[in-house]
1. Please count how many residues of region 25-40 are modelled with pLDDT of 95 or more and not in a strand (DSSP E or B).
2. Look through region 50-60, keep the residues that are out of contact with any helix residue (DSSP H, G or I) (no Cβ under 9 Å at 6 or more places or on another chain) and either at pLDDT below 90 or among the hydroxyl-bearing types (Ser, Thr, Tyr) (or both), and return whichever of them is least open to solvent (accessible area, probe 1.4 Å).
Amino acid sequence: MEELFTELWQTPRFIRRRGGFRPSVDVYRSERSGEVTIVVELPGVDPQKVEILADEHTLLLVGEGRRPRCTGRVYQQMEIDYGRFQRQIALEQDVDIDACRATYRRGILTIVLPAAEKKPATPARVTIPIKTTK
């Protein structure tokens, strides 16, 4: 009975389908340098198909996780989310958008946004290229 009750209250059973892929994100700030680091889980996503846009107060991450094409298969169970995604992250402090960098390794995208030395005169938005490492 206890096993049945435990299985009944597992989270996936009660979560409504999100209608697409929503990658998990961690955001933290270094106490020393003030730089903001954003870590995004993107397993199986081609980093060349991910777009990162940043301005002084916001980071926008856009891309798509695609289900591998397969024919002649009948799924018994499908739990992996795929589809277009967009994550917008509000930044608590000004960042130097010209010095931002991003790396992708083993399904993890890491974006580093250095703290701004001074407030920019004009708002701008830049695209951050992703460097893939082995």
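1. 0
2. Taking region 50-60 first, the residues out of contact with any helix residue (DSSP H, G or I) (no Cβ under 9 Å at 6 or more places or on another chain) are 50-53, 57-60.
Imposing the further condition that a residue be either at pLDDT below 90 or among the hydroxyl-bearing types (Ser, Thr, Tyr) (or both) reduces the set to 57-58.
Details: 57: 85, 58: 28 Å².
Across region 50-60, the extreme among qualifying residues is 58.
The values are calculated or read from the model by the stated rules, or taken from the named source; none is laboratory data. Every value quoted in this text rests on a predicted model; they were computed, and no experiment measured them. Using ideal geometry, Cβ is built from the backbone for each residue, glycine included, and neighbour counts are taken over all protein chains shown. Keep in mind that these areas ignore ligands, DNA and RNA; they rest on the heavy atoms of the full protein, side chains included. Shrake-Rupley method; radii C 1.70, N 1.55, O 1.52, S 1.80 Å.
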